[in-house]
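Just so it is clear, none of the values below were taken in a lab; they were calculated from the coordinates. These numbers were taken from a predicted model, which means no experiment stands behind them. Using ideal geometry, Cβ is built from the backbone for each residue, glycine included, and neighbour counts are taken over all protein chains shown.
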Amino acid sequence: MLAPAQQPVAAAAAAAEPEEKADAKTELPMRNPTHADLPKQSAALDPAAPVQPTPPASNMPPPLASHAPLPPASETPSPRMSEPFGLAVTPIWFGKILTNWGGVEADIRAEVKTLARCRDDAQRCPKAAWNFLAIVAQGRAQTGLARIGIINRAVNMAIEPMSDMAQWGVPDRWSAPLETLTTGRGDCEDYAIVKYAALTAAGVPAQDVKLIIVRNTAADEDHAVVAVRDDGEWIVLDNRWLTLVKDVDMPKAIPLYVLDDSGVREFVPRMMTVARRTATPASVNF
């Protein structure tokens, strides 16, 4: 199960970050052995002060009639660059993380039908679906960092941090967006899943939105965030703070997995990538 950090981030970054929100602990069930020997290195510990978009003047959601349908994203994707953190990746073909993500994707597709019914009959729209559509509408009204920041803030404020054990009585449970918004509670991957769905529904191209699993070295636990590519740079959305931070400036984090509409991939440690590029053929004795 994934667990957001409950300890403060590095002291050097404390002055640049807002107060963190605690999240619940969860263990990631499966990891490639290559990470077992990885030194506990972290990204830059002094993130540059990012721009935090100004929230909308009104906190009231717009009327349901103003919510546009949720067609496939039509915006032009950002230029194709490397994965977040500038690391190479390798596909994951089995394991619990793949099962969890496949189940969430199926649930998201099923919830699209509920959202469509809300547009046809607002009176019978579940409150969670109404709230999700309101978040999407706020995002659609903006572009770039403003869109990303508004959705990050709206989701962070809509959910109370709670562990899967406390809420469901099990150590690990990944919930679909409307389920999380129905209970109003969740742990780090639940926040990330709602943001992932809301961003793509608000028009961000699917290839520019990733759910990322990192190792939080400050608390020695796994943590889920969302990375969004804007103007060629990857921006991290974290339930522990409202500030938008570049991937390379995320403190105390070792990237582990990237999840999106094409499946699950594991980050290849930089030292292994360099070794593969510079390795020479083994000598052969005749």
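Measuring between their Cα centroids, the stretch 167-222 and the stretch 110-127 lie 22 Å from each other. In terms of the mean number of neighbouring beta-carbon atoms within 10 Å, the peptides 101-110, 119-128, 83-92, 147-156 order highest first as 147-156, 83-92, 101-110, 119-128. For the stretch 86-165, the C-alpha radius of gyration divided by 2.2 N^0.38 Å, with N the number of residues, is 1.40.
Given their separation in residues at 0.36 nm each and the Cα-Cα distance between them, SER262 and ASP120 gain 48.0 nm when the chain is fully extended. Computed over the stretch 215-257, the P(r) tail beyond 13 angstrom holds 55 percent of alpha carbon pairs.
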